[in-house]
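Right, one structure below, let's go through it.
The values are calculated or read from the model by the stated rules, or taken from the named source; none is laboratory data. As the structure is a computational prediction, the values presented were derived from the model and not from experiment. For neighbour counting, all protein chains shown are included, and Cβ atoms are generated from backbone atoms with ideal geometry for every residue, glycine included. Accessible surface areas use protein heavy atoms only, side chains included; no ligands, DNA or RNA. Shrake-Rupley method; radii C 1.70, N 1.55, O 1.52, S 1.80 Å.
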Amino acid sequence: MTAMIDSLTPADLPALTAAVAGPVLQPGDDGYAEEVAGYNLAHRPAAAVVVGATSTADVAAAVRFARATGRKVAVQATGHGLTDELFGTVLVTTRRMDGVAVDPLNRRARVGAGVRWAAVIQAAAPHGLAPLNGSSSTVGVVGYTTGGGLGPMARRYGFAADHVRRFTIVTADGAVRECSENSGGDEADLFWAVRGGKGNFGIVTEMEFDLVPVARFYGGSVLFGADDAAAVLHTWRQWAPTVPEDTTTSVALLRLPPDPALPEPVRGRFVVAVRFTHLGDAAEGEALFAPIRAAGAPLMDMVAEMPYPAIDAVHMDPTEPMPVWDRGCAISALPAEAVDALLAVAGPQAEVPLAMVELRLLGGAIAREPEVPNAVAGRHAAFSVFTVGVLAGPPVEVVAASGAAVVESVREWTCGGLVNLLGQAGPRRVGALWGDADRARLLDIARRLDPAGTFATNVVIG
Ligand SMILES: Cc1cc2nc3c(=O)[nH]c(=O)nc-3n(C[C@H](O)[C@H](O)[C@H](O)COP(=O)(O)OP(=O)(O)OC[C@H]3O[C@@H](n4cnc5c(N)ncnc54)[C@H](O)[C@@H]3O)c2cc1C
């Protein structure tokens, strides 16, 4: 992906250090390792220099420096999306750009590039508002949203990218551009492309988006044991497409570690988790969810009325950094044969090093074009399939082969994928997510605004 360049020459750095307010660190410097570390420990970033940006001006200075020294630029908020070592790059870390402002009257939030969802949820909740965050509030707002962003209210409200109003972006020429639905020219193209096309076009330094009037939900997750896996999955497959748009649901086959922090009934076991978020009232949610509760003998039932800030309880994603490998696709239907195929490669009888195999129901608002069109891919699929392996035992090749077998098992029904839930993929697989016209438009915008291919993103469109 990026060329390996060991270090910068001593003459290169003083100009950069003088131009930015945040720290500028090279390998071996105190604080370098902490500055580049991300959530996915499978990759230890080895950037030639890391710039701890504090402002849009710092980001612009870092981009101009990279251009002047012939290096690629990478950006990292949390490292949840780390897919390689970023050798030789100028890495811009954004965690110091952590401003969050909520405008309750207009139901809007404005955030800096380094903000995680948790901060927006906390700032919005006192006003009875919520953002369209994803399964884990530890994920970064901008990285998530530029990849579309599919969360636990998605069937009611669509993708997070559908609700973006404005952003500030630094493009490869070092220019600072304001983009919104009122923009023209290159900025109009950027407003379309960045909302779905990820980090291929520049570094977003600030983003403004709509919040939704949600203060509570009825939901959470219910866990079943291995003996119920087939019955629960088949029940879910038939039940899920019948739920209203106020309901978002997914099901996951989980191989839980023998972690003493986990409750005894599920510790070290294979479990099936059905996740549920219902925005209507609790009685309605309870009635809707009844067929799932009756599909087996729940080991744990954690579905209840909750305040929105408890939204992480729906997916219960791990929060501590870990080395992970992941892969996903989208499918157009989930017939009984597809469920059987998934159970054959990843069900309780399969010996595979996969921590999670997940199916998310799509449809509803996800399938509708937003008011202002954007580049989100995978909008018309019926389900997303996503698998994660933790690289703590078998070598990566074994984990990757197991994960590839999951995606392969549903090949007959595959119809592209979602940018954020694609896992590690080369430019061709990424490019194939869009139809010919949208892919050509994305490539044209990228080539026009970044002819030298300055940005090293985790999702490269080919
Ligand atoms: C535990 C977990 C749960 C997840 N749940 C969901 C989910 O429910 N729904 C969903 O859609 N996705 C989900 N994801 C995927 C997640 O949205 C992507 O990995 C996303 O890229 C993470 O963004 P980040 O900023 O946190 O990560 P980082 O690793 O910091 O950034 C990843 C990439 O995002 C882009 N990016 C980040 N900051 C900027 C910026 N300022 N300007 C331009 N581009 C930028 C770049 O391409 C960068 O390479 C999940 C991932 C994890 C690990």
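Are there any pairs with C-beta distances below 8 angstrom linking a residue in the range 94-115 that is in contact (Cβ under 8 Å) with a residue 12 or more places away in the chain and open to solvent by 60 Å² or more (accessible area, probe 1.4 Å) to a residue that is within 16 Å of the ligand (Cβ to nearest atom) and among the aromatic types (Phe, Trp, Tyr), with the two at least 6 apart or on different chains, and if so which?
Arg108/Phe209
Can you go through Pro309, Pro323 and tell me which one is away from the ligand (no atom under 16 Å from the Cβ) and either among the small types (Gly, Ala, Ser) or under 29 Å from Val376 (Cα atoms) (or both)? Show your work before the answer.
Working: Pro323 fails: away from the ligand (no atom under 16 Å from the Cβ).
Result of the check over Pro309, Pro323: Pro309.
Among the numbered conditions (1) open to solvent by 20 Å² or more (accessible area, probe 1.4 Å); (2) at pLDDT below 95, tell me where Leu82 comes up short.
The failed condition is (1).
Which ones in the range 196-206 are in a helix (DSSP H, G or I) and open to solvent by less than 10 Å² (accessible area, probe 1.4 Å)? Walk me through how you get there before you give the answer.
The initial filter retains those residues of the range 196-206 that are in a helix (DSSP H, G or I), namely 196-200.
Of everything in the range 196-206, those that are in a helix (DSSP H, G or I) and open to solvent by less than 10 Å² (accessible area, probe 1.4 Å) turn out to be Gly196, Gly197.
Could you check Glu412 against (1) closer than 23 Å to Gly149 by Cα; (2) at pLDDT 95 or above; (3) open to solvent by 30 Å² or more (accessible area, probe 1.4 Å) and say which number it fails?
With respect to (1) closer than 23 Å to Gly149 by Cα; (2) at pLDDT 95 or above; (3) open to solvent by 30 Å² or more (accessible area, probe 1.4 Å), Glu412 is out only on (1).
Taking the conditions exactly as written (open to solvent by less than 60 Å² (accessible area, probe 1.4 Å) and either among the polar types (S, T, N, Q) or farther than 24 Å from Val120 by Cα (or both)), does Val243 satisfy them or not?
Working: open to solvent by less than 60 Å² (accessible area, probe 1.4 Å): yes; either among the polar types (S, T, N, Q) or farther than 24 Å from Val120 by Cα (or both): yes.
Judged against the criteria, Val243 is a match.
Is it the case that Val36 is in contact with a helix residue (DSSP H, G or I) (Cβ under 6 Å, 6 or more places away or on another chain) and open to solvent by less than 20 Å² (accessible area, probe 1.4 Å)? It would help to see each step written out before you state the result.
Values: in contact with a helix residue (DSSP H, G or I) (Cβ under 6 Å, 6 or more places away or on another chain): no; open to solvent by less than 20 Å² (accessible area, probe 1.4 Å): yes.
Against the criterion (in contact with a helix residue (DSSP H, G or I) (Cβ under 6 Å, 6 or more places away or on another chain) and open to solvent by less than 20 Å² (accessible area, probe 1.4 Å)), Val36 does not qualify.
Could you go through the range 273-285 and let me know if any residue there is touching a Lys or Arg at 6+ places or on another chain (Cβ under 6 Å), modelled with pLDDT of 95 or more and crowded, with 19+ Cβ neighbours inside 10 Å. Full working, then the answer.
At the first step, the residues of the range 273-285 found to be touching a Lys or Arg at 6+ places or on another chain (Cβ under 6 Å) are 279.
From the residues that got through so far, the ones that are modelled with pLDDT of 95 or more too are 279.
After this cut, where a residue has to be crowded, with 19+ Cβ neighbours inside 10 Å as well, the list is 279.
Within the range 273-285 (the criterion being touching a Lys or Arg at 6+ places or on another chain (Cβ under 6 Å), modelled with pLDDT of 95 or more and crowded, with 19+ Cβ neighbours inside 10 Å), the answer is yes, since at least one residue qualifies.
For the list (1) within 13 Å of the ligand (Cβ to nearest atom); (2) touching a helix residue (DSSP H, G or I) at 6+ places or on another chain (Cβ under 9 Å); (3) at pLDDT 95 or above, I need the number of the one condition that Arg448 fails.
Every condition holds for Arg448 apart from (1).
Please indicate, with yes or no, whether at least one residue in the range 332-343 is within 12 Å of the ligand (Cβ to nearest atom) and surrounded by 21 or more Cβ atoms within 10 Å (Cβ to Cβ). Full working, then the answer.
If we filter the range 332-343 for residues that are within 12 Å of the ligand (Cβ to nearest atom), which is where we start, we get none.
The answer is no; no qualifying residue exists.
Applying the selection to the range 442-459, what residues are out of contact with any Leu (no Cβ under 9 Å at 6 or more places or on another chain), in a helix (DSSP H, G or I) and either farther than 28 Å from Cys415 by Cβ or free of Cβ contacts under 8 Å to residues at least 12 places away in the same chain (or both)?
So in the range 442-459, the residues out of contact with any Leu (no Cβ under 9 Å at 6 or more places or on another chain) come out as 442-444, 446-448, 450-455, 457.
With in a helix (DSSP H, G or I) added as a condition, the list becomes 442-444, 446-448.
Of everything in the range 442-459, those that are out of contact with any Leu (no Cβ under 9 Å at 6 or more places or on another chain), in a helix (DSSP H, G or I) and either farther than 28 Å from Cys415 by Cβ or free of Cβ contacts under 8 Å to residues at least 12 places away in the same chain (or both) turn out to be Asp444, Arg447, Arg448.
Could you tell me which of the residues Ala392, Ala367 is among the aliphatic types (A, V, I, L, M), surrounded by fewer than 22 Cβ atoms within 10 Å (Cβ to Cβ) and within 19 Å of the chain's Cα centre (by Cα)?
Working: Ala392 fails: within 19 Å of the chain's Cα centre (by Cα).
Just a single option satisfies the conditions, and that option is Ala367.
Give the range 26-57 a look and list any residue that's over 25 Å from the mean Cα position of the chain (by Cα) and either closer than 27 Å to Glu320 by Cβ or not aliphatic (A, V, I, L, M) (or both), or say none.
Scanning the range 26-57 gives Gln26, Pro27, Gly28, Asp29, Asp30, Gly31, Tyr32.
Go through the range 182-206 residue by residue and tally those that are under 20 Å from the mean Cα position of the chain (by Cα) and of a type in the set (D, E, K, R).
Residues in the range 182-206 being under 20 Å from the mean Cα position of the chain (by Cα) and of a type in the set (D, E, K, R): 3 in total.
I want to confirm something. Restricting to the range 140-177 and keeping residues that are aliphatic (A, V, I, L, M) and surrounded by fewer than 24 Cβ atoms within 10 Å (Cβ to Cβ), which single residue is farthest from the ligand (Cβ to nearest atom)?
Keep residues of the range 140-177 that are aliphatic (A, V, I, L, M), which gives 141-142, 150, 153-154, 160-161, 164, 169-170, 172, 175-176.
Filter again for surrounded by fewer than 24 Cβ atoms within 10 Å (Cβ to Cβ), leaving 172, 175-176.
Numbers: Ala172: 12, Ala175: 15, Val176: 13 Å.
Across the range 140-177, the extreme among qualifying residues is Ala175.
Let's see how each residue does on (1) in contact (Cβ under 8 Å) with a residue 40 or more places away in the chain; (2) under 21 Å from the mean Cα position of the chain (by Cα); (3) surrounded by fewer than 21 Cβ atoms within 10 Å (Cβ to Cβ); (4) part of a loop (DSSP other than H, G, I, E, B):
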| position | (1), (2), (3), (4) |
| --- | --- |
| Phe386 | yes, yes, no, no |
| Val406 | yes, yes, no, no |
| Ala437 | no, no, yes, no |
| Ala440 | no, no, yes, no |
| Ile461 | yes, yes, no, yes |
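Looking at the range 363-384 only, could you name the residues that are within 24 Å of Ile461 (Cβ to Cβ), touching a residue at least 24 places away in the same chain (Cβ under 8 Å) and not in a loop (DSSP other than H, G, I, E, B)?
Of everything in the range 363-384, those that are within 24 Å of Ile461 (Cβ to Cβ), touching a residue at least 24 places away in the same chain (Cβ under 8 Å) and not in a loop (DSSP other than H, G, I, E, B) turn out to be Ile366, Phe383, Ser384.
Return the pairs, sorted by first residue and then second, in which the second residue is of a type outside the set (Phe, Trp, Tyr) and not in a strand (DSSP E or B), the first residue lies in the range 49-64 and is over 18 Å from Asp173 (Cβ atoms) and open to solvent by 10 Å² or more (accessible area, probe 1.4 Å), the beta carbons are less than 6 Å apart, and the residues are 6+ apart or on different chains.
Pairs that qualify, where the first residue is over 18 Å from Asp173 (Cβ atoms) and open to solvent by 10 Å² or more (accessible area, probe 1.4 Å) and the partner is of a type outside the set (Phe, Trp, Tyr) and not in a strand (DSSP E or B), are Thr54/Ala21; Thr54/Gly22; Thr54/Arg96.
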